[in-house]
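> Quick one: the structure is below, questions incoming.
The values are calculated or read from the model by the stated rules, or taken from the named source; none is laboratory data. The model shown is predicted, which means the values in this text are computed figures rather than measured ones. Cβ atoms come from the backbone with ideal geometry, glycine included; neighbour counts cover every protein chain shown.
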């Protein structure tokens, strides 16, 4: 719970009463590794704040190939934002990579927080803006950078993830097949 309040405090200051209200409107859940929290076609009714573990969001194409959209580590939020905001069926799966402890905030409770603690609208706006900037940069990187450069940037930006994630998930995130990724890493090791 302290982790969530510290995350919020990075952007807005809450009174003790406001902090207590936040904590009454979230629920903490524990999940085993490989638990699917959201499936494609479901409506995303909660955003997830990670306390322990790693979650990933991904989509599956018509050939059954997974495409990783994002990862979330402790202290990060994750949701299918299209579905969460529109309350329409989404396109993403959200799954735990490992055993995880997660705080869930329902869309309904988030709206209550907006009304009762207007500062939290600012907090979530900042999160959404940061996410938009990061996604735009990732799109530009995918169009402009070589695979090696994308992997190097990923490794430098998320060093804690490089050794924790399956190689096929990193490959998917940077937009290549696991086979290509293995060959690329072998080439990089030779340099």
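> Would you confirm, using the coordinates I've provided, whether residue 151 is within 28 Å of residue 61 (Cβ to Cβ), free of Cβ contacts under 8 Å to residues at least 40 places away in the same chain, touching a helix residue (DSSP H, G or I) at 6+ places or on another chain (Cβ under 6 Å) and assigned to a helix (DSSP H, G or I)?
Yes; evaluated as a whole, the condition is true for this residue.
> Considering segment 132-145 alone, what residues qualify as being closer than 19 Å to residue 177 by Cβ, surrounded by 10 or more Cβ atoms within 10 Å (Cβ to Cβ) and out of contact with any helix residue (DSSP H, G or I) (no Cβ under 8 Å at 6 or more places or on another chain)?
138 - this is the single residue of segment 132-145 that is closer than 19 Å to residue 177 by Cβ, surrounded by 10 or more Cβ atoms within 10 Å (Cβ to Cβ) and out of contact with any helix residue (DSSP H, G or I) (no Cβ under 8 Å at 6 or more places or on another chain).
> Something else now. Go through 129, 111, 160, 179 for me and flag whichever is in a helix (DSSP H, G or I), in contact (Cβ under 8 Å) with a residue 60 or more places away in the chain and surrounded by fewer than 13 Cβ atoms within 10 Å (Cβ to Cβ).
160
> Also, quick follow-up: In segment 86-108, what residues are in a strand (DSSP E or B), farther than 26 Å from residue 9 by Cβ and in contact with a helix residue (DSSP H, G or I) (Cβ under 8 Å, 6 or more places away or on another chain)?
Result: 89, single match.
> Could you tell me whether segment 70-78 includes any residue that is in contact (Cβ under 8 Å) with a residue 60 or more places away in the chain, part of a helix (DSSP H, G or I) and either touching a helix residue (DSSP H, G or I) at 6+ places or on another chain (Cβ under 8 Å) or over 21 Å from residue 173 (Cβ atoms) (or both)?
There is no residue in segment 70-78 that is in contact (Cβ under 8 Å) with a residue 60 or more places away in the chain, part of a helix (DSSP H, G or I) and either touching a helix residue (DSSP H, G or I) at 6+ places or on another chain (Cβ under 8 Å) or over 21 Å from residue 173 (Cβ atoms) (or both).
> What about residue 186, is it assigned to a helix (DSSP H, G or I) and more than 21 Å from residue 72 (Cα to Cα)?
yes
> Listed residues 104, 127, 113; which is within 28 Å of residue 1 (Cβ to Cβ) and more than 15 Å from the chain's Cα centre (by Cα)?
The unique qualifying residue is 113.
> Right, next: Restricting attention to segment 86-95, does a residue exist that is more than 13 Å from the chain's Cα centre (by Cα), at pLDDT 95 or above and under 22 Å from residue 142 (Cα atoms)?
Taking every residue of segment 86-95 in turn, at least one turns out to be more than 13 Å from the chain's Cα centre (by Cα), at pLDDT 95 or above and under 22 Å from residue 142 (Cα atoms).
> Given the residues 57, 83, 70, 47, which is the only one that is modelled with pLDDT of 95 or more, under 16 Å from the mean Cα position of the chain (by Cα), surrounded by 15 or more Cβ atoms within 10 Å (Cβ to Cβ) and under 25 Å from residue 13 (Cα atoms)?
Answer to the check: 47.
> Then there is this: Whether any residue in segment 19-38 is within 24 Å of residue 135 (Cα to Cα), out of contact with any helix residue (DSSP H, G or I) (no Cβ under 9 Å at 6 or more places or on another chain), assigned to a strand (DSSP E or B) and in contact (Cβ under 8 Å) with a residue 40 or more places away in the chain is what I want to check.
yes
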